[in-house]
Amino acid sequence: MRLPDGLLNLLEQGVLSDVVRPLLSGKEADVFLVIREGGPAVAKVYKEANDRSFRQRVAYTEGRRLRDSRRQRAIDRGSSFGKEAVESQWRSAEVDAIYKLREAGVRVPEPYEFIDGVLVMELVMDDRGEPAPRLCDVTLTEDEAVEVFGILIHQVVLMTLAGVVHGDLSDFNVLMAWDGPVIIDFPQAVDPAANRNGAKLLIRDVDNLARFLGRFAPELLGGRFGDELWSHYERNTLKPETRLTGRYKERRGPADTSALLREIEAVEREAMAKRRALGLPEPRPARAPVAPRSMHGPKGGAPGGRPGPAPGGRPSQAPSGGRPVQAPQGGRPGAPRGGPRERSPRAPAQERGPVRAAEPQSGTEDFGDLDAWLDVGD
Ligand SMILES: Nc1ncnc2c1ncn2[C@@H]1O[C@H](COP(=O)(O)OP(=O)(O)O)[C@@H](O)[C@H]1O
Ligand SMILES: [Mg+2]
């Protein structure tokens, strides 16, 4: 097995004591089962993007402005230094999102190290100490599917409140751990307050889950959970304890002019990025940017974005969304999830199990106007 340089470095530095086997080799990353501090862990090594995925990365990273303005200008210019900056931003976006989400009590793996572009994290395990199967690999009863959906929707509520939209949430990126589903794979995550595709991505994420779990529980198929969730977020009525019903009716109230202005600004930002991508000079702004609103709450919010929800009141422990999940592998439903100290004492999946087939790149394919934007440079 030829190991990527990043992983060899971690072995040399003694951060890892062994690489057991590859878990999965996908288009975006190679994932390895490794030994760290005497226990199993997972190392995710990101690949360099090809041209198309590079442009997708740039689109996803819209709204992730860097504090380092030299790097940000390089990205905006599309220089090779900028390309390197986009790559490293992409890699660190996952670890940034995971830290944020753990803070918010979302069921994500615990990150251990992020060195040389390699993310070393908790191995999510099933009840036999094996790497947990993906949601797409398991069969559920109707009741189990409804419960898993409830838990996942609740995670998505917490994620949205924490300012993270997954952007590629599907049955491929949910692992069925011994104590319930865990969400993984965040490099494309976006901030719904800063990325104008936030609504579209969030609704698609939720629809993906409903569609998959609806195979086992058809009652999930008729709901409009994504629209309902986004509408709560937009109106600032989303709370950690919000329970979604799937019932959603388009509101035809008076126009929200500040939402319209935010939308216009987002379109302007995109047009600007497009001009830069085409090497056109920057136009002079027609008007001053809209100041952050104070209408909806105490927090200012990102420029041009909506104010963030109040940070308080979020549970610190990963809660379950209603009833606890019936773990499909006979796991312990609803038990608290643990960090490294709760690693299974049994031998982990060393030397066992085939390398899994990589997931399709579905999450980045179906974007409507984002795709149109991406095609500009072709
Ligand atoms: N923390 C983890 N614990 C167990 N398995 C993992 C973990 N992270 C990733 N995997 C396995 O590796 C696969 C690919 O990881 P993922 O983060 O989804 O990368 P990719 O971008 O290649 O899809 C997952 O589907 C899962 O099977
Ligand atoms: Mg994945």
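Taking (1) buried (at least 23 other Cβ atoms within 10 Å of the Cβ); (2) in contact (Cβ under 8 Å) with a residue 40 or more places away in the chain; (3) in contact with a Gly (Cβ under 8 Å, 6 or more places away or on another chain) in turn, Glu130 satisfies each apart from (1). From the list Leu280, Leu261, Leu238, the one residue that fits, being on the phi < 0 side of the Ramachandran plot, in a loop (DSSP other than H, G, I, E, B) and modelled with pLDDT under 95, is Leu280. Among the residues of the range 87-106, those identified as over 19 Å from Gly39 (Cβ atoms) and away from ligand 2 (no atom under 16 Å from the Cβ) are Glu87, Ser88, Gln89, Ser92, Asp96, Tyr99, Lys100, Glu103, Ala104, Gly105, Val106.
Each row is one residue, and each column tells you yes or no for (1) within 14 Å of the chain's Cα centre (by Cα); (2) of a type in the set (Ser, Thr, Tyr).
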position	(1), (2)
Leu152	yes, no
Val156	yes, no
Ser170	yes, yes
Trp178	no, no
Val190	yes, no
Glu219	no, no
Asp227	no, no
Glu234	no, no
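The sole residue among Glu110, Glu94, Glu87 that is in contact (Cβ under 8 Å) with a residue 24 or more places away in the chain and under 12 Å from the mean Cα position of the chain (by Cα) is Glu94. Look at (1) under 18 Å from Arg91 (Cβ atoms); (2) at pLDDT 95 or above; (3) away from ligand 2 (no atom under 16 Å from the Cβ); (4) touching an Asp or Glu at 6+ places or on another chain (Cβ under 8 Å) and you find that Gly6 fails only one, number (2). Quick check on my filter: what residues within the range 165-189 are of a type outside the set (Phe, Trp, Tyr) and more than 16 Å from ligand 2 (Cβ to nearest atom)? Listed by number, the residues that qualify are Asp179, Gly180.
Scanning the range 13-43 for residues that are within 11 Å of Ile115 (Cβ to Cβ) and more than 16 Å from ligand 2 (Cβ to nearest atom) gives Gln13, Val15, Leu16. If the condition is being within 23 Å of Ile264 (Cα to Cα) and of a type in the set (Ser, Thr, Tyr), then the range 190-237 contributes Ser231, Tyr233. Please verify whether Ala199 is under 30 Å from Ser88 (Cβ atoms) and surrounded by 24 or more Cβ atoms within 10 Å (Cβ to Cβ), treating the condition exactly as stated. Spelling it out, it is not the case that Ala199 is under 30 Å from Ser88 (Cβ atoms) and surrounded by 24 or more Cβ atoms within 10 Å (Cβ to Cβ). Do we have any residue at all in the range 130-142 that's away from ligand 1 (no atom under 12 Å from the Cβ) and basic (Lys, Arg)? So far as the range 130-142 goes, no, none of its residues is away from ligand 1 (no atom under 12 Å from the Cβ) and basic (Lys, Arg). Surrounded by 19 or more Cβ atoms within 10 Å (Cβ to Cβ) and either in a helix (DSSP H, G or I) or within 16 Å of ligand 2 (Cβ to nearest atom) (or both): does that describe Leu244? Taking the combined requirement at face value, the residue does not satisfy it.
Please enumerate the residues belonging to the range 153-170 that are over 16 Å from Cys136 (Cα atoms), among the small types (Gly, Ala, Ser) and either within 12 Å of ligand 1 (Cβ to nearest atom) or touching a Phe, Trp or Tyr at 6+ places or on another chain (Cβ under 9 Å) (or both). Full working, then the answer.
Restricting attention to the range 153-170, the residues satisfying the condition of being over 16 Å from Cys136 (Cα atoms) are 153-167.
Filter again for among the small types (Gly, Ala, Ser), leaving 162-163, 167.
Of everything in the range 153-170, just one residue is over 16 Å from Cys136 (Cα atoms), among the small types (Gly, Ala, Ser) and either within 12 Å of ligand 1 (Cβ to nearest atom) or touching a Phe, Trp or Tyr at 6+ places or on another chain (Cβ under 9 Å) (or both), namely Gly167.
Listed conditions (1) over 30 Å from Gly223 (Cα atoms); (2) more than 16 Å from ligand 2 (Cβ to nearest atom) are all met by Leu119, apart from (2). Scanning the range 171-192 for residues that are surrounded by fewer than 23 Cβ atoms within 10 Å (Cβ to Cβ) and more than 14 Å from ligand 1 (Cβ to nearest atom) gives a single hit, Asp191.
The values are calculated or read from the model by the stated rules, or taken from the named source; none is laboratory data. These numbers were taken from a predicted model, which means no experiment stands behind them. Cβ sites come from the backbone with ideal geometry, for glycine too, and all protein chains shown count toward neighbours.
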